[in-house]
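Chemist: This is the structure I want to talk about, given as structure tokens.
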Amino acid sequence: MSKPKIATTSMCGCFGCHMSLLDIDERILELADLVELHKSPLNDIKVFAERCAVGLVEGGCSNDENFHVLRTFRENCDILVSVGECARTGGIPALRNPIALQECLTEAYLHGPTVYNPGHVIPNDPDIPLLLDQVYPCHEVVKIDYHLAGCPPPAETIWAALQALLSDQPLQLPYELLKYD
Ligand code: SF4
């Protein structure tokens, strides 16, 4: 019998949530018995070739490519999970939200105290994904089924969530796995 497939992605995040997933240590072997890892930066599979049972999304949406990736995950995953504060709230990247995009770009590329940019050019190559006016949490872009809090959520939390979701159990995690103070 074929195993259920999971997919993961990192959008506007730092990969810390993926590192936390890998922190399940030797249980990674159990996970490999339980699921087949499909599209993910962990195996460099770049496109969905098959439908996935669970998609784990790290990071919010900061550019138009993030929008596209997130919508692709929604279309191809039965259950979509926002993993970590960047996915849930925009996280640290969303600190730019109160500031106009042009002002952010000007500070970052022209006027910042450590900037060296003799050409006074703000990157504008059409191959670079366009920055959005602000950083959006995933649930403001597509329907998200579950949220895992924390920066990052602990490995135990991600493991318990995956076990529940892959065995059709309700995702009722104990307080010890949900607090992140
Ligand atoms: S929630 Fe924290 S660990 Fe996860 S991507 Fe954002 S900054 Fe990194």
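Chemist: For Leu95 paired with Thr114, estimate the spin-label separation in nm (one decimal), with each label point 7 Å from Cα along the Cα-to-Cβ line.
Modeler: 1.3 nm
Chemist: Taking 25 Å as R0, compute the FRET efficiency from the Cβ-Cβ separation of Leu22 and Leu130 and round it to 0.05.
Modeler: According to the calculation, E is roughly 0.20.
Chemist: Would you mind working out the accessible area per residue for segment 35-179, using a 1.4 Å probe, and quoting it in Å²?
Modeler: On the way: 8090 Å² over 145 residues.
So segment 35-179 comes to 56 Å² accessible per residue, rounded to a whole number.
Chemist: Right, next: What is the sum of charges around Ala100, taking Lys and Arg as +1, Asp and Glu as -1, for the other residues whose C-beta is under 13 Å from the C-beta of Ala100? Don't skip to the end; give the middle numbers.
Modeler: Numbers: positive: Arg96; negative: Glu103, Glu107, Asp133.
Here the charged neighbours net out to -2.
Chemist: Relative to the longest principal axis of the C-alpha atoms of the chain, give the angle of the C-alpha long axis of helix 155-166, reported between 0 and 90° and rounded to the nearest 10°.
Modeler: Compared with the principal axis, the helix lies near 60 degrees.
Chemist: Further question: How far, in degrees from 0 to 90, does helix 64-76 lean away from the longest principal axis of the Cα atoms of the chain, to the nearest 10?
Modeler: 20 degrees
Chemist: While we're on this one: What does the net charge come to around Leu31 if you take all other residues with beta carbon closer than 14 Å to its beta carbon, with K and R at +1 and D and E at -1?
Modeler: Values: positive: Lys3, Lys5, Arg27; negative: Asp23, Asp25, Glu26, Glu30, Asp33, Glu36, Glu156.
With Lys, Arg at +1 and Asp, Glu at -1, the neighbours total -4.
Chemist: Also, quick follow-up: Probe radius 1.4 Å, ligands and nucleic acids ignored: give me the carbon and sulfur share of the accessible area of segment 51-101 as a rounded percent. Provide the component values of the computation, followed by the final result.
Modeler: Numbers: 1180 of 1990 Å².
Answer for segment 51-101 is 59 percent, counting heavy atoms of protein chains only.
The values are calculated or read from the model by the stated rules, or taken from the named source; none is laboratory data. What you see is a predicted model; the values in this text were computed from it and never measured. Glycine also receives a Cβ, built like all others from the backbone with ideal geometry; neighbour counts cover every protein chain displayed. For accessibility, only protein heavy atoms count, side chains too; no ligands or nucleic acids. Shrake-Rupley method; radii C 1.70, N 1.55, O 1.52, S 1.80 Å.
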